[in-house]
1. Of 124/186; 107/318; 186/324; 124/324; 124/265; 82/318, which ones are farther than 32 Å apart at the Cα?
2. Points 7 angstrom from Cα along the Cβ direction at residue 474 and residue 162: gap in nanometres?
3. If packing is taken as the mean number of other Cβ atoms within 10 Å per residue, what is the order of 222-233, 391-402, 112-123, highest first?
4. With θ set to phi - 60°, apply the Karplus curve 6.51 cos²θ - 1.76 cosθ + 1.60 along the stretch 214-224 and write out the HN-Hα couplings as whole Hz, x wherever there is a Gly or Pro.
5. Take peptides 449-459, 283-293, 305-315 and line them up by average Cβ neighbours within 10 Å, highest first, as a rough protection proxy.
6. Would you mind working out the magnitude of the charge dipole of the stretch 200-316 relative to its Cα centre, with +1 at each Lys and Arg C-beta and -1 at each Asp and Glu C-beta, to the nearest 20 Debye?
7. Just order 381-388, 415-422, 426-433, 356-363 by mean Cβ neighbour count inside 10 Å, highest at the front, would you?
8. Rounded to the nearest 0.05, what FRET efficiency do residue 386 and residue 326 have when you use their Cβ-Cβ distance and R0 = 30 Å?
Amino acid sequence: MKKWLKELVLGGGCALVVLALLFGWEPSLLILPLSVVTLGAMLTGTRGGFTARLKPAKLGTVADSGVPPVTFSDIGGQDMAKRELLEALTFLKESRRSRQLGIRPLKGVLLVGPPGTGKTLMAKAAANYTASVFLAVSGSQFVQMYAGVGASRVRQLFSQARAQAEREKKSSAIIFIDEIDVLGAKRGTNASHLEYDQTLNELLTQMDGVESGQDVQILVVGATNRMDLLDPALLRPGRFDRIVQVDLPDKAGRLHILGIHAANKPLAEDVSLEQIAAETHGFSGAHLESLLNEAAIAALRAGRGVITQGDLREAVEKVMLGEKSNRLLSAEERERVAYHEVGHAVLSELVRPGSVASITIVSRNRALGFIRQASQDDQYLYTRDQLLQAIQVCLAGAVMEELIFGQRSTGAANDIEQAVDLARRMVFAGLSPLGVVGSDLPAAVLNKTIAGIIREQEERTREILRGRVAEVKEITAHLLREETMGGDEFRLLMAGKQAS
Ligand code: ATP
């Protein structure tokens, strides 16, 4: 790896985690440059590739075709989404009564949310719950260069759903279209728009053709994380008129999902899934499933019959940042990384006791070292003081380097970037000395205000850390020996130093 690249990301993990905690961004967004491979690999398998013909076996059917039936109890968290979807399914479940009451058939349900949150699981559970045939396709399977091909695939899909339901003597079919934004984008916006528009028009026509009283009732379940791209015609009443938000799980949801995926795995007595749930803010269900799988692989590699808390912690880091790298740092660089990370950790612990989940100088992908923070509870609003403290935590690595080595390194560039971003958010939330500002704030004023906030917090951070240098040295010596430290171990060391 080129030297500049290596320098660029020292301590990046810290700032990334701080921001994840503050704004609830998902790790895939924050850590994209660091862990493209891991997240990419996790997402494969959830998306179907193009199949030349829409064959039932390839598209996946529930139960009868051998795909294990998924029920709503296999889906962790998402209580609200499950409730809304169940309500929408009443029509299929009680179609005779609905018809008697003159209720028009529900034709489409749109599941909206980030990748890996369980949208496909929901659609499968819906098929199982309503004893429907299940066909799954991806929007990209309809994208063709030749006009008319996508449209004929849509027709084929609906007729296949009907035929399969008749064959299996079922009264309903659920067609799940993942990445529906690819086929349902606003008309006229695509380069080869004639083909795209014809495909979408065909989908609308097919959905309009779904009438109550038909032998086979078809429900289309679409999934997307870009609802803004969809053509308004898809969202009007009578088409996808039920929109179900499938968000990243909160702490209780994460615990529920961990419990589901841990059910078939032997856990050691020291395991606290609650603690892992607290440390995985921003993880999707797919991340959590992968985490447990990685932990089980680690236990297997170590020749243990049970998964320990250590395996789970290690797996959290692997899922967040990728595989350990075998990059060899010079002794001097290693020491600098250690001081940098301990600087972040000490400040994080001082502003929010109990916040450090782990500190490491084992590099992973592009991060040379990082700290992980635990969120006590999911938080959605932040005060000015909390934002200023988050800026201090970001700056603490660079300030610590300065206090120990007399100067900083380029490794803090990522931290500074995050601190600037936080300061910018403060300005536009009306939390800076400028008070309430409009989006047309002149760039020069914005930059000056951000620089002022950062300078002030830098000074404050320096003051705090200057009084802690002896303690930081002790903790850093320990970290250099051990390479990785859990939050509790770090707190014990900090408490010991503070007491003496
Ligand atoms: P994409 O948008 O990328 O297609 P998705 O939202 O459809 O993703 P799924 O395919 O349903 O996500 O989930 C992928 C895997 O992640 C599931 O097979 C399951 O192992 C796990 N998973 C995701 N969400 C949940 C959840 N809420 N409960 C339990 N497991 C989950």
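The values are calculated or read from the model by the stated rules, or taken from the named source; none is laboratory data. These figures come from a predicted structure and were not determined experimentally. As a convention, Cβ positions derive from the backbone with ideal geometry for all residues, glycine included, and neighbour counts pool all protein chains shown. Areas reflect the complete protein model, heavy atoms only, side chains present, ligands, DNA and RNA absent. Shrake-Rupley method; radii C 1.70, N 1.55, O 1.52, S 1.80 Å.
1. Going by Cα-Cα distance, 107/318; 186/324; 124/324 fall outside the 32 Å limit.
2. Spacing of the two 7 Å Cα→Cβ label points: 7.8 nm.
3. Values: 222-233: 17.8, 391-402: 27.7, 112-123: 23.2.
So the order, starting with the most tightly packed, is 391-402, 112-123, 222-233.
4. 6, 4, 10, 8, 10, 10, 9, 10, x, 10, 7
5. Values: 449-459: 16.6, 283-293: 24.5, 305-315: 19.5.
Order by mean packing, descending: 283-293, 305-315, 449-459.
6. Numbers: 10 positive and 17 negative charges, 51 e Å.
It works out to roughly 240 debye.
7. Working: 381-388: 13.5, 415-422: 21.2, 426-433: 16.4, 356-363: 24.2.
Those peptides, ordered most packed to least, come out 356-363, 415-422, 426-433, 381-388.
8. Details: r = 38 Å, r/R0 = 1.27.
Working from the Cβ atoms, E equals 0.20.
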